[in-house]
1. Out of the residues in the range 38-59 that are in contact with a strand residue (DSSP E or B) (Cβ under 6 Å, 6 or more places away or on another chain) and among the hydrophobic types (A, V, I, L, M, F, W, C), state the one that is most open to solvent (accessible area, probe 1.4 Å).
2. Mind checking which residues of the range 15-68 are aromatic (Phe, Trp, Tyr) and in contact (Cβ under 8 Å) with a residue 24 or more places away in the chain?
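The values are calculated or read from the model by the stated rules, or taken from the named source; none is laboratory data. If you're wondering where the values come from, they're calculated on a predicted model, not measured in any experiment. Because the Cβ atoms are built from the backbone with ideal geometry, glycine has one as well, and the counts that use them run over all protein chains shown. SASA here: full protein model, heavy atoms, side chains in, ligands and nucleic acids out. Shrake-Rupley method; radii C 1.70, N 1.55, O 1.52, S 1.80 Å.
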Amino acid sequence: MQEQIDGVFRFRSTCNSCRREFYVIEGTQAYDRVKRNFKGMHCCEDCKNRIELEAQLQLGRRLLTGRD
């Protein structure tokens, strides 16, 4: 659902990982993704950072052990 507060548009979406509602503000990449595909799977900033960190750790482990 799109809302306008103080002249700034924002969408309210639900995080696919933690199931909490979060807002994306107009002008960000997350806003564009939600606007293009409102019913898609979206993550809040906290979960996005956690997923990226876990991916980096997994890559580092693979490089250290030499396994694919």
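1. If we take residues in the range 38-59 being in contact with a strand residue (DSSP E or B) (Cβ under 6 Å, 6 or more places away or on another chain) and among the hydrophobic types (A, V, I, L, M, F, W, C), then CYS43 is most open to solvent (accessible area, probe 1.4 Å).
2. Passing the criteria: only PHE38.
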